[in-house]
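These notes are about the structure you will find just below.
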Amino acid sequence: MNALTIQNLSVTYDKQYALEDVNFSIPEGSLTGIIGPNGAGKSTLIKAILRLIPTISGEVTVYGKPYKKQRSLVGYVPQRSEVDWDFPTNALDVVLMGRYGHIGWIKRPNKKEVQYALDCLKKVGMEEFADRQISQLSGGQQQRVFLARALAQDAQVYFMDEPFVGVDAATERAIIKLMQEWKEQGKTVLVVHHDLQTVKDYFDHCLLLNKKPIECGPTSDVFTMDNLQRTYGGSISFLGNNQVMMQGG
Ligand code: ADP
Ligand code: MG
């Protein structure tokens, strides 16, 4: 069973294509790295799938049904740099937002919901920070709050946009552990990732993207020098011994 199928997805900004006729499927229970150069449309892809931005065309199917009907099955950890961290809210409220799919927007969260949210914060080591304004948290702590929110969503399909950027090593390990737990629970996880050295360790599937999918499939099949060259063009160097490096990186 495919957890996610994308058909004919196109997105433009100011009449320029950011994504052009994107088609791919992701099998249930896979851990997929979304790989591609800056400006390849990785964040755009996630936002288009989640209907956060307008699209020119495209169909998104989650577990065989249109996304519209499956919204509550999908969780999202946005790119940290795209979040307004000055928004006046505390860590607990951010996590409770993850529960709105379950409790509805109108109802106030009850004690059980608050306890659930606190348990999610605890799971990521952030229980002491429940009352802390999100602007007063470090980068790693902010990312953990978003992980707690994703946990609270209890989704089947998760999107994470560059979760490792600007976090400390302990948070990186916590994120990897969580991704692997989700996979073990049969959930499907898609992660925008830009450290090519760790792709083979972290992900069993890859989507190589540059405005269009270059390849999509098991990492062992598609994460090859040849395909990386096709994805990154001239902006990649090969160091031999299967090592790759971004120019200037
Ligand atoms: P990635 O996440 O792969 O780095 P993005 O999806 O953020 O790439 O962006 C893809 C392209 O679309 C880039 O050329 C970027 O400059 C452009 N773009 C992204 N968001 C906007 C926007 N809101 N308005 C205009 N152009 C945008
Ligand atoms: Mg991005």
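For the reader, a short list of remarks on this structure follows.
- Matching residues, region 68-88, being in a helix (DSSP H, G or I) and away from ligand 1 (no atom under 15 Å from the Cβ): K68, K69, Q70, R71, S72, L73
- Looking across region 1-19, the residues that are closer than 11 Å to G58 by Cα and surrounded by 15 or more Cβ atoms within 10 Å (Cβ to Cβ) come down to T5, I6, L9, S10, V11, L19.
Residues checked against (1) free of Cβ contacts under 8 Å to residues at least 40 places away in the same chain; (2) surrounded by fewer than 22 Cβ atoms within 10 Å (Cβ to Cβ); (3) over 24 Å from R230 (Cβ atoms):
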{"residue": "D21", "(1), (2), (3)": "no, yes, no"}
{"residue": "F24", "(1), (2), (3)": "no, yes, no"}
{"residue": "I34", "(1), (2), (3)": "no, no, no"}
{"residue": "E59", "(1), (2), (3)": "no, yes, yes"}
{"residue": "Y63", "(1), (2), (3)": "no, yes, yes"}
{"residue": "L73", "(1), (2), (3)": "no, yes, yes"}
{"residue": "M97", "(1), (2), (3)": "no, yes, yes"}
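- Residue within region 36-52 that is within 16 Å of ligand 1 (Cβ to nearest atom), in contact (Cβ under 8 Å) with a residue 12 or more places away in the chain and part of a strand (DSSP E or B) present: no
- Every listed requirement among (1) in a helix (DSSP H, G or I); (2) more than 16 Å from V167 (Cβ to Cβ); (3) not aromatic (F, W, Y) is met by G140 save one, (2).
Let's see how each residue does on (1) in contact with a Phe, Trp or Tyr (Cβ under 9 Å, 6 or more places away or on another chain); (2) modelled with pLDDT of 95 or more:
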position: V167; (1), (2): no, no
position: W182; (1), (2): yes, yes
position: V189; (1), (2): yes, yes
position: K211; (1), (2): yes, yes
position: T219; (1), (2): yes, yes
position: V222; (1), (2): no, yes
position: N241; (1), (2): no, no
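- Close pairs from region 146-162: first over 19 Å from Y63 (Cα atoms), partner basic (K, R) and in a loop (DSSP other than H, G, I, E, B), Cβ under 7 Å, at least 6 apart: A152/R99
- Filtered residue count, region 29-56, keeping only those that are within 13 Å of ligand 2 (Cβ to nearest atom) and touching a Phe, Trp or Tyr at 6+ places or on another chain (Cβ under 7 Å): 2
- Filter result (in a helix (DSSP H, G or I) and in contact (Cβ under 8 Å) with a residue 24 or more places away in the chain) within region 178-192: L178, M179, Q180, W182, K183
- Looking across region 1-34 at every residue that is in a strand (DSSP E or B) and of a type in the set (D, E, K, R), the one that is nearest to ligand 1 (Cβ to nearest atom) is identified as E20.
- Of all residues in region 193-205, those being touching a Phe, Trp or Tyr at 6+ places or on another chain (Cβ under 8 Å), in contact (Cβ under 8 Å) with a residue 40 or more places away in the chain and within 17 Å of S43 (Cβ to Cβ) number 1.
- Candidate set: region 179-210, residues that are buried (at least 20 other Cβ atoms within 10 Å of the Cβ) and farther than 30 Å from K123 by Cβ; chosen: the one farthest from ligand 2 (Cβ to nearest atom): L208
The values are calculated or read from the model by the stated rules, or taken from the named source; none is laboratory data. Computed from a predicted model, the values in this text were never measured in an experiment. Reconstructed Cβ throughout: ideal geometry from the backbone, glycine too, with neighbour counts over all protein chains shown.
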